[in-house]
1. So P239 clears everything in (1) part of a helix (DSSP H, G or I); (2) more than 16 Å from the ligand (Cβ to nearest atom); (3) open to solvent by 20 Å² or more (accessible area, probe 1.4 Å) except one condition, right? Which one?
2. Given the residues C567, C599, which is the only one that is modelled with pLDDT of 90 or more and open to solvent by less than 30 Å² (accessible area, probe 1.4 Å)?
3. Could you grab the pairs with beta carbons closer than 6 Å, sequence gap of 6+ or different chains, first residue in the stretch 863-889 and open to solvent by 10 Å² or more (accessible area, probe 1.4 Å), second one of a type in the set (S, T, Y)?
4. Report the residue count in the stretch 916-933 for those that are open to solvent by 30 Å² or more (accessible area, probe 1.4 Å), modelled with pLDDT under 95 and among the charged types (D, E, K, R).
5. T607: within 30 Å of Q163 (Cβ to Cβ), at pLDDT below 95 and crowded, with 22+ Cβ neighbours inside 10 Å, yes or no?
6. Given the conditions (1) assigned to a strand (DSSP E or B); (2) surrounded by 19 or more Cβ atoms within 10 Å (Cβ to Cβ); (3) among the β-branched types (V, I, T), and given that V323 satisfies all but one, which numbered condition is not satisfied?
7. Restricting attention to the stretch 374-393, report how many residues are in a helix (DSSP H, G or I), open to solvent by 10 Å² or more (accessible area, probe 1.4 Å) and not charged (D, E, K, R).
8. Can we say S342 is surrounded by 19 or more Cβ atoms within 10 Å (Cβ to Cβ) and polar (S, T, N, Q)?
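The values are calculated or read from the model by the stated rules, or taken from the named source; none is laboratory data. Here the structure is a predicted model, which means the values were calculated and not measured. Note: ideal-geometry Cβ built from the backbone for every residue, glycine included; neighbour counts use all protein chains shown. Each accessible area value is taken on the protein alone, full model and side chains, heavy atoms only, with ligands, DNA and RNA left out. Shrake-Rupley method; radii C 1.70, N 1.55, O 1.52, S 1.80 Å.
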Amino acid sequence: MTISRFLRSLVSQGKVLSHGYRREAARTVVTTSSSTSQAAAVATAEVVEAEFPVGREVSGFVVREVQEVPELHLTALRLQHQATGADYLHIARADPNNVFCVGFRTTPMDSTGVPHILEHTVLCGSEKFPCRDPFFKMLNRSLSTFMNAMTGCDYTIYPFSTQHPVDFRNLMSVYMDAVFKPNLSELDFLQEGWRLEHQDIKDQSSPIVFKGVVFNEMKGVFADSQRLFMQKLLNGILPSHTYGVVSGGDPLVIPQLTWEQLKQFHAYHYHPSNARFFTYGDQPLANHLEFIQDNYLSHYNKIDPNTEVPEEPSWKEPRSAHVACGIDPMANAEVQSSIVVSYKLVDITDTFETFVLAILGELLTSGPNAPFYKALLEPGLGSSFSPSSGYDGHTRSSTFTVGLQGVKDQDIEKIKAVIEETFDGIIEEGFPSDRVESVLHNIELSLKHQTSSFGLSLAMNLTPLWNLDGDPIDGLLINNKITKFRKYLAENPKFLQQKVREYFKENPHKYTLTMAPQEGYEENLQSLEEAQLKERIAVLTPEERSRVWQLGHTLGNKQEEEEDLSCLPTLQVSDIPRNVTPVPVTVQTLGGGVEVQACDCPTNDLTYFSAVLSTRDVSEELRPLVPLLCGVLTRMGAGDMDFRQLDQAADLVSGGLSVSPHTCFHPIDVMGYEEAIVLSSHSLNTNLQKTLDLWSSIFSEAKFNDLQRFNTLVSMIATEQANSLVYSGHQYAMTAAAASTGHVSSLAESWGGLSQLRRMKALSEAQDLTPTLESLQVLARQLLGRQGMRVAINTTPNHHDTALHILEGFLKGLDGTPAINPTLASIPQTFSPHTCKTHHVFPFPINFASKAFPGVPYAHPDAGALRVLARVMFRFLHREIREKGGAYGGGAKAGPGGPFGFYSYRDPHSTQTLATFDAAVEWVLSGGFSERDVAEAKLGVFQAVDAPVSPGAMGRRRFFSHITDELFADHRRLVLDVVAQDLVKVARTYLRDGPVEGACLIGPQNVDLDNDPFWSTVHG
Ligand SMILES: [Zn+2]
């Protein structure tokens, strides 16, 4: 089990099934962050309690509860707004990465996607900020570390985070105005929701079709059959109220929504009486309250929004259903069915019971020692668990689901029986006590493991419970639940077995859902949509027809308009700090000459270990197997431990042992690069020795003899990768487009792109994997040793000496002779960059397009300009691809160090978007942007450059990318000093006149590209 997954299930009580992270394609910046020292946090707690005693009135709010949570180093305050009843949760913590979130309980009773379309539309302009789409404009006027909006099945939330106090206030103004005073204009509704429009708005004879951002987005979402399956499961297990409908919108139902209904929904749901405000961090609460009260809440009275979600009535008899889906070209054709069995459990507000059930969920399904893993996956009854498997606590009644994907139709009945038998077995035998211990150990580790986005995770993870009137502060108190859990277990050794009997064996509220691909599924959906369209067009009066034509024009013109953005607040480039805080690392050699980077920082008594092992000397035949080796190395057993024992041992002493492929451009040398595998783990300081002992066994005695285990892993990995295609299609398209432009990009594609997906598919269908397993063993022998190795360790200062001493012992015990510059490699002469354009045909209703050009090294004088260029182009690309084109997203990305790439995400267009990429270059060359755009783009770039770093991640830039503090400072300066003419220069040099380019389209059959001699086509 992974820590992050467990912390999520723990704090959040479950998975978040959210329809679309709207901004996700545009903003994939993942931050890694802020350290919190315990001393500072304690001071905060005292200050907070003195300033906000229970009962005190502040700016119209009354303090209801103050609670210190020592295990998370925070103090929580709960307040209520007197006039409206609005709920407020503040988390005071010595963390500069402050968070704001406003959320509403949104409980639709139909599948028109009204909350989702509303989420999009409120961000399109408001009273104080009447420009088009202020939300997107703020992306470049801010140093935010996160900005987004999400629609869940019964809530809509608007969170952001930033380290900058002025920025916080700016963004809070825009968010508050957006949700409480949105324009909700008809044109915004038509653009974001759905509309009838001529296919070509300049040609009145072109056919009238459905368009709209959410309409297309949801078609994209349900092109993923596992997403469709999860949606149907939720609808089926809790059918009687809001969970019975599709909150994100069913593309066939979306066109029933009217603008009037949207405004009505806003009036009732986006009211303070139905609102929850969340703030987090080290900024003073009193200022937040005053701002919210004076500008917004003081204008409202209390209403009854009537948004309660009633408990689902319990069934007397189990139910079942079947759904059809499209055929998955990436999966084995014989085994494409899915089956799950799901149970309704307890009310989400019963936080101790949901805590116990979350632990039970881990015990039942997580890792190779879990009974369902043994009973379902190991015999090969399916290729992998269904993504909905496990405990889920985001709905009124929590649920538990177990099931498989990649199943043969004829095995369905058998799987149902095995699930029953497995529950019987557990009721009989219980769980081994060391498994329960390892789950509790992981909770302890996850409480200590700091992430940069801790506040944001709290905001999102507390939402489901709080949104349904549970006590969010109680949800934070984890230690008392662990104590209670241990007590119950000590008093009654059969405690968990009884839970299994109660919730699974004797629970009639049980839902069995199966899914199988159907020939002509996509065509059928298409014809249903066409029939609807026909019906609508048939009843259009001549006046309505001309209105369709008119509206298309008005919308097109509005999207073209240059606007005055002076109403929007902004940070200035001068707000970006000029100086860099050095990262406290030391580099030395240990264990006979292995290069070791050590970083002392406040890690909360954890030690983080990473090792880079070069693959530069691996033969060409074995190199493609590197990602598979990473996928299985720590999962096959080692020494005298089989795979189960190794997994159990790792869970007891660490947060898991992970291995991944790694490629990196040299920051200075255009001919230098690094290719490697990376090993990483983290553990309590006191468990470092035991964790490194496990790595030692893997180095010297990793097992490659269990063919059945290997078959299981290959099938699981292939399935997981195939599932990721429709969700991360733009990344696959970008990787594929870049592959021909440089050696490192080509290797990155081979290891993490469509090539790897296809390789895994072929292996999962192979008759005999013995030769592959033998090759992996040869590869492992070549790699696992000191010869091509570098190590990094992050630990607390008082553990530094002990940690290095333990590390020294570990390194001495390894084979191989350490080398100088052990991991740097030279680009082989045999590779020559070339132009290559490939259409990868998949039966999706939407496309992912990309175009790529070679970039420059990180330290190159043009590196800053290329990064700023990508951000400046975002403005143009967003307008053309999203606003006009109706795609979910589109943009450009440059390095650092890597290729320059354009992309579109869930795009109804193909060749038109590829032409838009070229037009973006022309737009820059013709000076279509201003100095203001350049300044904004710099802010955008700095959101990533200066993203907060967690203690476990400090020094990573130097270790993984060879970027020293000096190089980093120089690169920041390059970005800060960019002027408009630099952008024109680099756009000409690298994009228009670049020596080679790559292009890729992932999407359905395409006649234009079939007939284009410059494009080649690959099927499936
Ligand atoms: Zn959306």
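1. (1)
2. Every option except C599 fails the conditions.
3. As it stands, the answer is E880/T916, since those pairs meet every condition given.
4. Qualifying residue count, the stretch 916-933: 2.
5. no
6. (2)
7. Summing the residues that are in a helix (DSSP H, G or I), open to solvent by 10 Å² or more (accessible area, probe 1.4 Å) and not charged (D, E, K, R) in the stretch 374-393 gives 1.
8. The answer is yes for S342.
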